[in-house]
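Participant: Dropping the structure in here first, questions after.
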Amino acid sequence: MTRAAKADLRGRMRLLRRRLSQAHPEAAVAATRLLPENLMKQGVVTGYVAMGGEFDASLVMRRFAMAGAQLALPAVNAKGGPLEFRAWSEGDLLALDALGVPAPLNPSEKLRPNLILAPLLAFDRQGGRLGQGGGYFDRAIASLRAEGPVLVIGVGFADQEVGEIPTEAHDARLDAMLTESDFIEVKPIRRTP
């Protein structure tokens, strides 16, 4: 697929995602119930602040926190710079990062996540993920995986599934997807006892 076709797919999926977020305000509650209980034992879990119709992962993050996980949110200090993960607890103040995304204030402790809840525009059952196109999550995931294991779960609406996401060498694959109607493993996930 050409870059132009990928950009067209992004545009169409952004519109769909906005419609889905308006049509399914209860989706986050349903998705939280579908998380496998044996995935709850994670040290550090990073999520995101939902924007532009993104699936709201805050309830999913809260469930991990209730199970003892330390939460983090992504932040970028400069456009094109690396994505870092900063310690965050519900109620902490946020400020806009270099991309205009709400993130923990700069002095927050930087953490290495064991599990990433990744926002998406579209996904497929082979672990393909279509993001916003900046590559921030792809680069961060590649860097983390070079250091050791990290579980990456795409979070979105069931109707964001497509037959196949066109991927390039730099695109990071998802290990699983969580929607309001299903938890889809790409391959069996090693679970923490």
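Participant: Find all pairs meeting these conditions: Cβ atoms under 7 angstrom apart; at least six residues apart or on different chains; first residue within segment 123-146 and touching a residue at least 24 places away in the same chain (Cβ under 8 Å); second residue surrounded by 14 or more Cβ atoms within 10 Å (Cβ to Cβ) and among the aromatic types (Phe, Trp, Tyr).
Facilitator: Listed pairs, sorted by first residue: ARG129/PHE123.
Participant: Scanning segment 128-152 for residues that are at pLDDT below 95 and under 17 Å from ASP182 (Cα atoms), which turns out surrounded by the most Cβ atoms within 10 Å (Cβ to Cβ)?
Facilitator: That would be ARG129.
So that you can scan it fast, the table gives a plain yes or no per residue for (1) over 18 Å from the mean Cα position of the chain (by Cα); (2) in a helix (DSSP H, G or I); (3) at negative phi; (4) surrounded by 12 or more Cβ atoms within 10 Å (Cβ to Cβ):
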residue	(1), (2), (3), (4)
LEU9	yes, yes, yes, yes
LEU15	yes, yes, yes, no
SER21	no, yes, yes, yes
ALA31	no, yes, yes, yes
ASN38	yes, yes, yes, no
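Participant: Also, I was wondering about something else. Checking the condition in contact with a strand residue (DSSP E or B) (Cβ under 9 Å, 6 or more places away or on another chain), surrounded by fewer than 22 Cβ atoms within 10 Å (Cβ to Cβ) and not charged (D, E, K, R), which residue from LEU121, LEU111 passes? Even if it seems obvious, please write down each step before you answer.
Facilitator: Values: LEU121 fails: surrounded by fewer than 22 Cβ atoms within 10 Å (Cβ to Cβ).
So the residue among LEU121, LEU111 that is in contact with a strand residue (DSSP E or B) (Cβ under 9 Å, 6 or more places away or on another chain), surrounded by fewer than 22 Cβ atoms within 10 Å (Cβ to Cβ) and not charged (D, E, K, R) is LEU111.
Participant: Mind listing whichever residues of segment 144-168 are part of a helix (DSSP H, G or I), under 16 Å from the mean Cα position of the chain (by Cα) and either among the polar types (S, T, N, Q) or under 19 Å from GLN42 (Cα atoms) (or both)? Before you say what the answer is, go through the steps one by one.
Facilitator: Step one: of segment 144-168, the residues part of a helix (DSSP H, G or I) are 144-147, 158-160.
Subsequent filtering for residues that are under 16 Å from the mean Cα position of the chain (by Cα) retains 144-145, 158, 160.
Listed by number, the residues that qualify are LEU144, ARG145, GLN160.
Participant: Only one residue in ARG17, ARG33 is of a type in the set (Lys, Arg) and under 21 Å from GLY134 (Cβ atoms). Which one?
Facilitator: On the way: ARG33 fails: under 21 Å from GLY134 (Cβ atoms).
From the options ARG17, ARG33, the qualifying one is ARG17.
The values are calculated or read from the model by the stated rules, or taken from the named source; none is laboratory data. Predicted model, so just to flag it, every value in this text is computed and none were measured. Counting neighbours? That spans all protein chains shown, and the Cβs are built from the backbone with ideal geometry, glycine included.
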